[in-house]
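The values are calculated or read from the model by the stated rules, or taken from the named source; none is laboratory data. Predicted, not measured: the structure shown is a model, and the values here were computed from it. Because the Cβ atoms are built from the backbone with ideal geometry, glycine has one as well, and the counts that use them run over all protein chains shown. To get the accessible areas, we keep the full protein, side chains included, count just its heavy atoms, and leave off ligands, DNA and RNA. Shrake-Rupley method; radii C 1.70, N 1.55, O 1.52, S 1.80 Å.
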Amino acid sequence: MYKPAVVVSLFAALLIAGSARAQTYGGDAPVCLHVFGELEGERMDCIFSSFAQCRASAQGRPATCLTNPYFAQAPSARTGRGVR
């Protein structure tokens, strides 16, 4: 038979593990579409190369376009540094 303390500890561990969230942004593109709401589910799609492209996809949906803070630009040919 299970002891009450063990059952409570396991239940608490499951609650904590269930509330963990993955990173919301990816590093693939400079613009992300943040979709929210119950109809489509909340997610972040970082697949757009421009705000115009993202806004076209967001039109009429519960969504907004954001700059991807994790997008790593290719190094510049002249300086060897990323473009700012």
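Pairing residues of segment 48-68 that are under 20 Å from GLU38 (Cα atoms) with residues that are in a helix (DSSP H, G or I) and open to solvent by 70 Å² or more (accessible area, probe 1.4 Å), at Cβ distances under 8 Å and at least 6 apart in sequence or on separate chains, gives CYS65/PHE51; CYS65/ARG55.
Taking segment 47-66 as the range and being assigned to a strand (DSSP E or B) and either open to solvent by 90 Å² or more (accessible area, probe 1.4 Å) or at pLDDT below 95 (or both) as the test, only ILE47 passes.
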